[in-house]
Amino acid sequence: MRIKSVAIVLVSAMSLFTAFYWLTDASRREARFEAQIEELLAYGEEVFGPSADDTTANCAACHGADGTGGQVGTTGRQAPNLRSKSIYEKLKAGNGGTFTEIRKPGEPPDYVNLVIRFGGVVVSGDVNSPMPAWSNEVGGALTVNQIDALTALVETWALEAGQLPAVEVPDTVEAGAQVYVDSGCGSCHGADLTGVAGFYPSLVNIGNEPVIDLPLPISQLDALQADYAADARSFLERWIRDSAVNYNDGTATGMPVHPEGRISPSALRALITFLLSQKSG
């Protein structure tokens, strides 16, 4: 009888333990996942740099120690701000219009991951982009684990930027210059707006005349010039928002689209004010 009672107690205890285990398993898995993410982000920060040696990618050398952008050596090009809403919008667009958390293991590679693996050519089509292909699958220096860590870090920065409230940008040349940096314009047109011959046009005189020496032919070049002459500000807004639709019958021009989600109306207004102040002649 005593043995039967002990057996009943043991079975009951095991049943209770099993029930408790299954009830709390989700929270334990979530805690483990959060710990893994923290570890991944810490590793990403280590790989990002800054570093005085070649044991990391030292992304900070171009993108800045805090990831907000900087000069790319002596190239005249500018590494984009990795804490910008523009990256958030690209990630959101690539995830069906939603982006609430960093990519989980097993999900397909996205914008950030592809740029790190295969270089700036992913963004611009420029095979001479100063952003190298880092993946060792194409001869780069980084392993899959290192790239995953960097991807998690940059996606986290993008998510943080995307959650910030919209800020009204003042319509000044100084504010527009900052929009130029934050939106990554300098990564193509250069920090000094001189562009890259054969790829990206110079903007140093865009306050006096439209850029017509473009790397790709434009079907509505006459309309482009007429619109600039009639209202340069309105023209630049149309060109920056969607040059393909507005001036090339829907065919890509090499200039990325910049919808309001990527550059707000006030930011675009300030950017155009900055561009119209560029008069080299």
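Every residue in the stretch 120-138 that is among the polar types (S, T, N, Q) and within 16 Å of Cys185 (Cβ to Cβ), please.
Across the stretch 120-138, the qualifying residues are Ser124, Ser129.
Filtering the stretch 22-50 to residues that are at pLDDT 80 or above and either part of a loop (DSSP other than H, G, I, E, B) or among the aromatic types (Phe, Trp, Tyr) (or both) leaves Tyr43, Phe48, Gly49, Pro50.
State yes or no: is Ala177 part of a helix (DSSP H, G or I), small (Gly, Ala, Ser), within 27 Å of Gly250 (Cβ to Cβ) and open to solvent by 30 Å² or more (accessible area, probe 1.4 Å)? No: the conditions fail for Ala177.
Within the stretch 225-254, the set of residues being among the hydrophobic types (A, V, I, L, M, F, W, C) and either in contact (Cβ under 8 Å) with a residue 40 or more places away in the chain or surrounded by fewer than 20 Cβ atoms within 10 Å (Cβ to Cβ) (or both) comprises Ala226, Ala229, Ala230, Ala232, Leu236, Ala244, Val245, Ala252. Checking each residue in the stretch 196-220 for being under 13 Å from Trp239 (Cβ atoms) and without any contact (Cβ under 8 Å) to a residue 60 or more places away in the chain picks out Pro201, Pro210, Val211, Ile212, Leu214, Ile218, Gln220.
Of the residues in the stretch 186-205, at least one is in contact with a helix residue (DSSP H, G or I) (Cβ under 7 Å, 6 or more places away or on another chain) and either part of a helix (DSSP H, G or I) or open to solvent by 50 Å² or more (accessible area, probe 1.4 Å) (or both).
The values are calculated or read from the model by the stated rules, or taken from the named source; none is laboratory data. Everything quoted here is computed from the prediction, not taken from an experiment. Positions of Cβ are generated from backbone atoms using ideal geometry, with glycine treated the same way; all protein chains shown enter the neighbour counts. Side chains included, ligands, DNA and RNA excluded: accessible areas come from the protein's heavy atoms. Shrake-Rupley method; radii C 1.70, N 1.55, O 1.52, S 1.80 Å.
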